[in-house]
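The structure appears right after this line, and notes come after that.
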Amino acid sequence: MDHSGTPSDGSVVRAVLSGDVDQFSVLVRRYRDRYARYAAQMLGSIDAAEDAVQDAMVRAYTHLAQCREPDNFAGWFFLILRNRCFAERRRTRWESDLENIGEVAAPEQTESALERSEVVRGLQRALLRLTAEQREVFVLKHVEGLSYEEIAGRLSTSVAALKMRMHRAYDRLRELLEAP
Amino acid sequence: MKNRHWSDQVKQVLDGERELESLPPELRREAETARRLLLAAIDRRPVTLSAALETRIMTRVRGRATARWPRAWRWLLAPTLPRWAMLVPAAAAAALVLVLRTPQVDQSGKPQAMTGQRDSVYVRFELYAPRASRVALAGTFNRWDAAATPLVRVGKDGMWTVTLALPSGQHQYGFIVDGRNWVPDPAAPAVDDGFGRRNSVVSVNTINGRIL
Amino acid sequence: MKRLSAVLVMVGGLAHGLAAQGDVRARLVGRVSPELVQLVGTVADSARALGLPDAPLVDKALEGAAKGIAPDRIAVAVQGVFTQLRSAAGVMRGTGAAPTSQEIEAGAFALGAGLTSDDVAVLTETADASHPTMAVLQVAGALAALGVPRAQTVGLVRAEVRSGLPLGDLTNLPAQVQAAAASGVSPDAAATGLERAAQAHAGQSVQPKGRAKGNPHRP
């Protein structure tokens, strides 16, 4: 417990491992939506994101004893979800994502909003044509607002490697968005 | 195609590491285009998943909860072995014949009973090399020592052979003909050795006494 | 309690293994140049710090020396092995698994045989209590090394595990592909036939190219 009375991730993880399975719902409530936007952007639809989050949560429970830092459950869970997203991308490829793209960019009402919606869709279509790794770094930096240093820490890679990936993504996006 | 690549300074602006105003005038327009195309179109609205998600997850979690830890403890303490563990023989032994001309792969799946050291499997290596004056075997199992495991010529038809007890795991190897020519085993899978050649691979699995 | 004893013996073995890690340099002295001993020792230190096995690094250096390879090329190859081990471990840990040294080596082998990081991740997740990770990765690596295309390799191994067939059937796959190759069937065609057989056993419909349709995560 922290001083506010909210149980820390570590204490919840330990409670679950001690046999109090229902405590896992605390972690589900806490993290079910935190990375939903990331998953939706990676997979191209909210439905696919929901499947991925569900599966990652069940997997996190199954392997909970292997969570080396219970107080960093969030970071560990993110890696599991990330893997699910990459695996799902491999299975579905981008063709099916394009059919569902509208689900991420929800319909809007006004004319200018519709125009913007088209621009947003154009970028999302282009994002889906990047490699999963390029797309991920773009999403984490520009959608989730993380710095290169934060992304590097989360993915156990170097800032230089991430920048190279991102800069290739910029060029590829330009090719895709400016293509006739 | 090169015209479609942003300049490095523009990429720095996109990365938030450089102010647009610091760019020379000819690059500002490019940077503004880049921002409009890439950054202004980003949808950052939060995503909320369905209300039923938690119930679905917890239903599956509770379904898996039964006997996760008890199962582990049963494995440690119970008098009977779990199914897969029963497949581990104390002295598993089998023979694999790797032959140049006619690969003889154990299709029956029944290991040939031979006495071997604990958790090891006898593997017989054969090479057809009629013109060789000597043949040796080197691999991860003998520290790649080219002198450690000579093959013996069998009969007069050019077949060389040696039988080794290999521990469980994966082993890479090659034949050395006449002390200088490295030859992969044509009857075994092979992988790049990192030096521009191929290593043969044998996987010994003593879980069921069978060789992959 | 016998099994508890066995586990304690295994733990003892592990401790012995940890102690043995310190003698990487000793295993190389006399077989490779002093500079290479130093370099491999340094890479091995990095490997252990990341929880990776160091034996494959020593093996690669010894192999290079036995084959008469120039030290600088050996150094590159050792670094390549390190990279593969690190990649395999990273991918496997990313699935939530805590791979053993042997499992990491099997993952690195699969990468060396031509499978991708994505493939190794899928295969790691495919493993279950009846089909251990090491066996799954070794079989997949062996299939790839036999020339089975990587997408088919992954599809075949997944179908085999999901079919519920015993472990022996899985570990026998490379031998079956080899036997088919000996009778003139391409690795590709042999793998397709084996995959169909596994799916038929599982009562599933045959999917083209071994890809399951729909979302297998949906309950």
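Kindly provide the set of residues from segment B:142-161 that are loosely packed, with under 13 Cβ neighbours inside 10 Å, assigned to a loop (DSSP other than H, G, I, E, B) and not small (Gly, Ala, Ser), ordered by number.
Passing the criteria: B:Lys156, B:Asp157.
Which condition from (1) among the acidic types (Asp, Glu); (2) modelled with pLDDT of 90 or more; (3) more than 18 Å from B:Gln12 (Cβ to Cβ) is the one that A:Glu178 breaks?
With respect to (1) among the acidic types (Asp, Glu); (2) modelled with pLDDT of 90 or more; (3) more than 18 Å from B:Gln12 (Cβ to Cβ), A:Glu178 is out only on (2).
Name every residue in segment A:20-30 that is at the interface with chain B (Cβ under 7 Å from one of its Cβ atoms) and more than 13 Å from A:Ala60 (Cα to Cα), in order of residue number. Steps first, please.
Residues of segment A:20-30 at the interface with chain B (Cβ under 7 Å from one of its Cβ atoms): A:21, A:24-25, A:28-29.
A:Arg29, the sole residue that qualifies.
Provide a single number: the residues in segment B:34-64 that are part of a helix (DSSP H, G or I) and either under 30 Å from A:Val28 (Cβ atoms) or at the interface with chain A (Cβ under 9 Å from one of its Cβ atoms) (or both).
Residues in segment B:34-64 being part of a helix (DSSP H, G or I) and either under 30 Å from A:Val28 (Cβ atoms) or at the interface with chain A (Cβ under 9 Å from one of its Cβ atoms) (or both): 17 in total.
Of all residues in segment B:162-195, which are polar (S, T, N, Q), at pLDDT 90 or above and either under 18 Å from C:Lys60 (Cβ atoms) or in a loop (DSSP other than H, G, I, E, B) (or both)?
B:Gln172
If C:Ala97 satisfies every condition in (1) more than 9 Å from chain B (Cβ to nearest Cβ); (2) surrounded by fewer than 24 Cβ atoms within 10 Å (Cβ to Cβ); (3) in contact (Cβ under 8 Å) with a residue 40 or more places away in the chain; (4) of a type in the set (A, V, I, L, M, F, W, C) but one, which is the exception?
Condition not satisfied by C:Ala97: (3).
Please tell me if C:Ser130 is surrounded by fewer than 22 Cβ atoms within 10 Å (Cβ to Cβ), within 14 Å of chain B (Cβ to nearest Cβ) and under 23 Å from A:Arg59 (Cα atoms).
Criteria met by C:Ser130.
Give segment A:77-122 a look and list any residue that's at pLDDT 80 or above and either over 17 Å from the mean Cα position of the chain (by Cα) or assigned to a loop (DSSP other than H, G, I, E, B) (or both), or say none.
Once the filter is applied, which keeps residues that are at pLDDT 80 or above and either over 17 Å from the mean Cα position of the chain (by Cα) or assigned to a loop (DSSP other than H, G, I, E, B) (or both), segment A:77-122 yields A:Arg121, A:Gly122.
Quick check on segment A:123-134. Is at least one of its residues part of a helix (DSSP H, G or I), hydrophobic (A, V, I, L, M, F, W, C) and away from chain B (no Cβ under 12 Å)?
yes
Of all helices (runs of 4 or more DSSP H) completely enclosed by segment A:5-58, which ones contain at least 3 residues that are of a type outside the set (Asp, Glu) and more than 30 Å from A:Arg125 (Cα to Cα)?
Helices (runs of 4 or more DSSP H) meeting the threshold: A:9-17, A:24-31.
If you scan segment A:155-166, which residues turn out to be at pLDDT below 90, surrounded by 15 or more Cβ atoms within 10 Å (Cβ to Cβ) and either more than 11 Å from every other protein chain (Cβ to nearest Cβ) or part of a helix (DSSP H, G or I) (or both)?
A:Leu155
Scan segment C:47-91 residue by residue and report those that are among the small types (Gly, Ala, Ser), closer than 16 Å to B:Gln170 by Cβ and more than 11 Å from every other protein chain (Cβ to nearest Cβ).
The answer is C:Ala88, and nothing else.
Could we say that B:Arg180 is among the basic types (Lys, Arg), without any contact (Cβ under 8 Å) to a residue 60 or more places away in the chain and within 17 Å of C:Ala66 (Cβ to Cβ) here?
yes
Could you please find all residues in segment C:173-197 being part of a helix (DSSP H, G or I), within 13 Å of chain B (Cβ to nearest Cβ) and either more than 16 Å from C:Ala140 (Cα to Cα) or in contact with a Phe, Trp or Tyr (Cβ under 7 Å, 6 or more places away or on another chain) (or both)?
C:Ala179, C:Ala180, C:Ala181, C:Ala182
Condition check: within 11 Å of chain B (Cβ to nearest Cβ) and more than 30 Å from C:Pro34 (Cβ to Cβ). Does C:Leu111 satisfy that? Give the steps one after another, and end with the answer.
Values: within 11 Å of chain B (Cβ to nearest Cβ): yes; more than 30 Å from C:Pro34 (Cβ to Cβ): yes.
So C:Leu111 fits the description; yes.
Between a first residue in segment C:20-41 that is modelled with pLDDT of 90 or more and a second residue that is not in a helix (DSSP H, G or I), which pairs have beta carbons less than 7 Å apart while being 6 or more apart in sequence or on different chains?
Close Cβ pairs (under 7 Å, with a partner that is not in a helix (DSSP H, G or I)) amount to C:Val37/C:Val29.
If we keep just the residues of segment B:1-20 that are in a helix (DSSP H, G or I) and modelled with pLDDT under 90, which is surrounded by the fewest Cβ atoms within 10 Å (Cβ to Cβ)? If you could, list the steps in order and put the result at the bottom.
The first filter runs over segment B:1-20 and keeps only residues in a helix (DSSP H, G or I), leaving B:2-4, B:8-14, B:20.
Among the residues that remain, those that are also modelled with pLDDT under 90 are: B:2-4, B:20.
Numbers: B:Lys2: 5, B:Asn3: 7, B:Arg4: 14, B:Leu20: 14.
The extreme case among them is B:Lys2.
The values are calculated or read from the model by the stated rules, or taken from the named source; none is laboratory data. All figures in this text were calculated on a predicted structure; none of them were measured in a lab. Reconstructed Cβ throughout: ideal geometry from the backbone, glycine too, with neighbour counts over all protein chains shown.
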